[in-house]
Every structure is written in structure tokens, then in C-alpha cells.
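Asker: Sharing a structure here in C-alpha cells format.
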Amino acid sequence: MHKQIFVNLPVKDIGKTREFFGSLGFAFNPQFSDERALCMIIGENIYAMLLQESYFQTFTTKPVADARTSTEVLTCLSCDSREQVDSLVAKALAGGGRAPNASQDHGFMYYHAFEDLDGHGWELMYMDPNAVPPHS
């Protein structure tokens, strides 16, 4: 079936985007990164292609959404702990991102989110598999 996933997102400034996500601890694959694109490594076989907006536009005939005024996608990443969720949100805020909502604790799942410099939504969640309620 599928071997990899690449989420493609338009960005205004490649340099600032690299600095922002680098400060969150993400690395980039230099083989697929240049002045127009960053290949951010999210996990094994999971990548975000952060594409300069003018370059992103070459892949579609539709207008590019402004993520600061509309939502085109919410990307949810799992974390290893509640502390990791909070740490990543704190780093995002320190780097110029914003938290659109307060954290939420559902007992079995802890959730928080941030918007990056271009307004893209990044959801972070930690789920305790031992605390997930059974289906009824």
C-alpha cells in the first residue's frame, strides 16, 4: 500500500520557516530542500513539504488559501507525553507562532495546538492507550 506521506503546505518565507520548525526540534532532508522547498522530517516515512508560495502555486490551478484567514488542513501529530505536547507548543509560541485554543484534557487524551508563522494548524496530542474508554 502506501509507503510514505508528504503533506504539502505553502509558506511565505523559507528561511523563517526553517528557523521556526528547527527551533521545535524538526530536521530537514537536504536532498529535497532548497531555496524553494523544505522537506521537514516528521517521522519515519512522514514528511511536510514546506513550499515557497509561488512554487506551491505551480502544483495547482486553484488559488492558494491564506491559512491566516481560512483553514485548509489541520495536521495532527502524536506525542510521547503530555509534557512533550506542552513543550512543543511553548517552543512554537516562543518562535512566533500562536495557540488558537487552550489545551484540552479528556482523561485518555491530552491535546493542544499551535499555528505556525503562515497560520497552518498543527495539532499535538498524547493518548494513553490504557485509559481509552471501551466502545459501547
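Asker: Given springs between every Cα pair under 10 Å in a Gaussian network model of the chain, which of Gln31, Gln84, Gln52 has the largest fluctuation?
Answerer: Residue with maximal mean-square fluctuation among Gln31, Gln84, Gln52: Gln31.
Asker: When we measure straight from the Cα of Lys12, which aspartates and glutamates land under 16 angstrom away, once same-chain ones fewer than 8 places off are left out?
Answerer: Of all the aspartates and glutamates, those that pass the test against Lys12 - Cα under 16 Å, at least 8 places apart if same chain - are Asp34, Glu35, Glu53, Asp66, Glu72, Glu115, Asp116, Asp118.
Asker: Taking the Cα-to-Cβ direction at Thr61 and at Leu74 and moving 7 Å from each Cα, how far apart do the two end points lie in nm?
Answerer: The answer from the label model is 3.2 nm.
Asker: Going by alpha carbons, how many degrees (0 to 90, nearest 10) lie between the helix axis of 82-94 and the longest principal axis of the chain?
Answerer: Result, in degrees: 40.
Asker: Also: For region 1-79, which GluC sites (Glu not before Pro) pass both filters: DSSP loop (anything but H, G, I, E, B) and at most 11 other C-beta atoms within 10 Å?
Answerer: Those satisfying the criteria are Glu35, Glu44.
Asker: Let me ask another. What does the convex hull of the alpha-carbon atoms of region 1-40 project to on average, in nm²? Please report the intermediate quantities before stating the final value.
Answerer: On the way: hull surface 13.4 nm².
With the hull built on Cα positions only, its mean projection is 3.4 nm².
Asker: Here's something else I'd like to know. I'd like the orientation of helix 14-23 relative to the chain: the angle between its Cα long axis and the longest Cα principal axis, in ° from 0 to 90, rounded to 10.
Answerer: Once rounded, the angle reads 20 degrees.
Asker: Averaged across orientations, what area in nm² does the convex hull of the alpha carbons in region 72-136 project?
Answerer: Numbers: hull surface 20.0 nm².
Taking the Cα atoms of region 72-136, their convex hull projects to 5.0 nm² on average.
Asker: Continuing with the same structure: Per-residue HN-Hα couplings for region 114-126, Karplus 6.51 cos²θ - 1.76 cosθ + 1.60 at θ = phi - 60°, whole Hz, x for Gly and Pro?
Answerer: Once θ is set to phi - 60°, the couplings for region 114-126 become 9, 10, 6, 4, 9, x, 5, x, 10, 8, 10, 9, 10 Hz.
Asker: By a straight-distance test (C-alpha under 29 Å), which lysines pair with Lys16 as possible cross-link partners, with residues fewer than eight away in the same chain excluded?
Answerer: Lys62, Lys91
Asker: Another question, then. For Val11, which sequence-distant residues (separation of 5 or more, or a different chain) have an amide H within less than 5 Å of its own amide H, given hydrogens modelled in the peptide plane?
Answerer: Leu51, Gln52, Glu53
Asker: Filter the trypsin sites (Lys or Arg not before Pro) in region 1-46 down to the DSSP loop ones having no more than 15 other Cβ atoms within 10 Å, then list what survives. Provide the component values of the computation, followed by the final result.
Answerer: On the way: sites: Lys3, Lys12, Lys16, Arg18, Arg36; in loops: Lys3, Lys12, Arg36.
Those satisfying the criteria are Lys3, Lys12, Arg36.
Asker: Please compute the modelled spin-label separation between Phe26 and Ala94, points set 7 Å along Cα→Cβ, answer in nm with one decimal.
Answerer: The modelled label-to-label distance comes out at 1.8 nm.
Asker: Count neighbours as other Cβ atoms within 10 Å of each site's Cβ, and list the trypsin sites (Lys or Arg not before Pro) in region 48-106 that are DSSP loop with at most 14 such neighbours. Write down the numbers at each step before the final one.
Answerer: Working: sites: Arg68, Arg82, Lys91, Arg98; in loops: Arg68.
The qualifying sites are Arg68.
Asker: Further question on the same structure: Whole-Hz ³J(HN,Hα) for each residue in region 98-110, computed from phi via Karplus 6.51 cos²θ - 1.76 cosθ + 1.60 with θ = phi - 60°, x for glycine and proline: what do you get?
Answerer: Karplus-based 3J(HN,Hα) across region 98-110 equals 9, 9, x, 9, 6, 5, 10, 10, 9, x, 7, 9, 10 Hz.
Asker: A follow-up question, please. Going by how many other beta carbons lie within 10 Å of each one, how would you line up Ile5, Ile41, fewest first? Numbers along the way, then the final one.
Answerer: On the way: Ile5 11, Ile41 14.
Least crowded to most crowded, the residues run Ile5, Ile41.
Asker: Using a basic spin-label model with each label point 7 Å from the Cα along Cα→Cβ, how many nm lie between Val132 and Ser54?
Answerer: 4.6 nm
Asker: Could you work out the Kirkwood radius for the chain, taking every pair of different alpha carbons, averaging 1/r and inverting it, reported in Å? Walk me through the numbers before you get to the answer.
Answerer: Details: mean 1/r = 0.0628 Å⁻¹.
About 15.9 Å for the chain.
Asker: In whole angstrom, how far apart do the alpha carbon centroids of region 1-39 and region 57-129 sit?
Answerer: The two parts, judged by their Cα centres, are 16 Å apart.
Asker: Turning to a different aspect of this structure: Of the options Val132, Phe28, His112, report the single residue whose Cα projects farthest towards the positive end of the charge dipole of the chain (beta-carbon charges: Lys, Arg +1; Asp, Glu -1).
Answerer: Positive-most Cα among the choices belongs to Phe28.
Read the figures in this text as sums done on the coordinates, not as results from a lab. The shown structure was predicted, so the numbers you read here are calculated from the model rather than taken from an experiment. Positions of Cβ are generated from backbone atoms using ideal geometry, with glycine treated the same way; all protein chains shown enter the neighbour counts.
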